[in-house]
Amino acid sequence: MAEIPGLDFIHPLKLFDIAKKEKRLLYTSAPMVRYSKLAFRQTVYAYGTDLCWTPMILAKEFNRNHFARDSDFTISTDGPQPPTIVQFGANVPQELARASSLVAPFCSGVDLNCGCPQSWACSETLGAALMEKRELVRDMVVETREQLRRDGWAVNKEKDIDSRKGRSVSVKIRVHKDLRKTMDFITTVLGPDQDRHIDWLTIHPRTRSTPSSTPINLEALELLTSTFGNRVPILLSGDVFALGTLPFTTPLLTPTPTFTTTTTPTTPTIPHLSGLMTARALLTNPALYAGYDACPWSAVETFLANVARCPLPYKLVQHHVGEMCGPGMGADKSALLTKAQRAGLMGCGNMVDLVDFLEGVRVTVGEGGVRRDGRRDGA
Ligand SMILES: Cc1cc2nc3c(=O)[nH]c(=O)nc-3n(C[C@H](O)[C@H](O)[C@H](O)COP(=O)(O)O)c2cc1C
């Protein structure tokens, strides 16, 4: 096991613990193919995200090809290194274990994608297709934990929470139409209570065929968190668009004065929820967890500074900035740039033009981004 000088990792379960002690949910950023790369992870981390996921990486390619390793996973040895979970796509226990062994010195934990609905992934028994293969998923996480243990990592979950060598193994799932199948899946993958196979579980309460425009299935979330939430920490992925307008209430939300739900008598209560995972809303507003309902300019500037240190392909940078400068996913539809200005942004052909363009429009537009507590951008 190689120790990397200057890299120190906190056990992710410690972060769950800290959030709980602060009487709040854990804030995490979702795995997003193409988008959740280092510069973006550093940006959301600067704005209150506790734990960041990489995009899904195919374990088989990662194990066999050093170009895949170089291009798929980057960390920072000089600058902010957010607590990071590397997500893999895999369907063979030894492949997941081997890839996890390779990344363990550079991250806080590994995660298995059981949610990707894309046909290419499902046809290769990856992603959401694994929701029909519960024994295989169990075997993959058990083998991975064993491999990490053999490598010298501390994988005893809560018992190793204070160890510098603590590493986690987790799973991200969708739900089935017949929720009994999801209950069976979780029961198998979780294993015995006294020594469960996974550190935590992320639930995206949509089925493999539910479009992302359909609201998440809150009844499913309620059932699964009430059944399993006191046996394993659970994160919700899906429709976290603004912290002030979550479509449910949950014990860890109540005491936080700035982040409350607008409750009605029919608002469901989700028991035993440990944290939130956000994808699309963080793309439009990386400062969401810091209490901003709309993206502030400072978040764009932070992202561009991170890109300067940890480069991304120009087209990707342009896309990110376009997302951040448009209206967000929450009720606050204010945008940093008008539609015409965003078209101008998309016309920029390189980084220099893009930075010049933004500097030009900054002079004519407001600051953007008032926080929910009324403080201004940068305050
Ligand atoms: C562009 C994009 C890429 C995604 N890539 C992944 C991925 O690599 N792995 C994964 O488990 N989920 C992936 N997802 C799903 C998200 O992690 C998340 O579960 C889903 O978008 C619902 O959350 P949201 O409502 O916050 O967007 C992706 C979603 C988007 C929008």
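Of the numbered criteria (1) modelled with pLDDT of 95 or more; (2) open to solvent by 40 Å² or more (accessible area, probe 1.4 Å), the one Ala331 fails is (1). No other residue among Gly330, Gly347 is away from the ligand (no atom under 16 Å from the Cβ), of a type in the set (Gly, Ala, Ser) and over 23 Å from Leu38 (Cβ atoms) apart from Gly347. Restricting attention to the range 145-201, the residues being at pLDDT below 95 and among the β-branched types (Val, Ile, Thr) number 0. If I filter the range 279-301 down to residues being of a type in the set (D, E, K, R) and over 17 Å from Pro31 (Cβ atoms), which single residue comes out as surrounded by the most Cβ atoms within 10 Å (Cβ to Cβ)? Looking at the filtered set, the residue picked out is Asp293. Contact list please: Cβ distance under 6 Å, first residue in the range 274-294 and under 17 Å from Gln87 (Cβ atoms), second residue more than 9 Å from the ligand (Cβ to nearest atom) and assigned to a helix (DSSP H, G or I), pairs at least six apart or on different chains. Every condition considered, the pairs that remain are Leu282/Val44; Leu282/Leu288; Leu283/Glu323. Residues that are within 20 Å of the chain's Cα centre (by Cα) and farther than 29 Å from Glu158 by Cα within the range 170-209 comprise Arg206, Thr207, Arg208, listed in sequence order. If you go through the range 58-112 and pick out every residue that is under 19 Å from Thr144 (Cβ atoms) and among the polar types (S, T, N, Q), you end up with 8.
The values are calculated or read from the model by the stated rules, or taken from the named source; none is laboratory data. All values reported here derive from a predicted model rather than from experimental measurement. Every residue, glycine as well, gets a Cβ built from its backbone with ideal geometry; the counts of neighbours run over all protein chains shown. The protein model used for the area step is the full one, side chains on, heavy atoms only, and it has no ligands, DNA or RNA in it. Shrake-Rupley method; radii C 1.70, N 1.55, O 1.52, S 1.80 Å.
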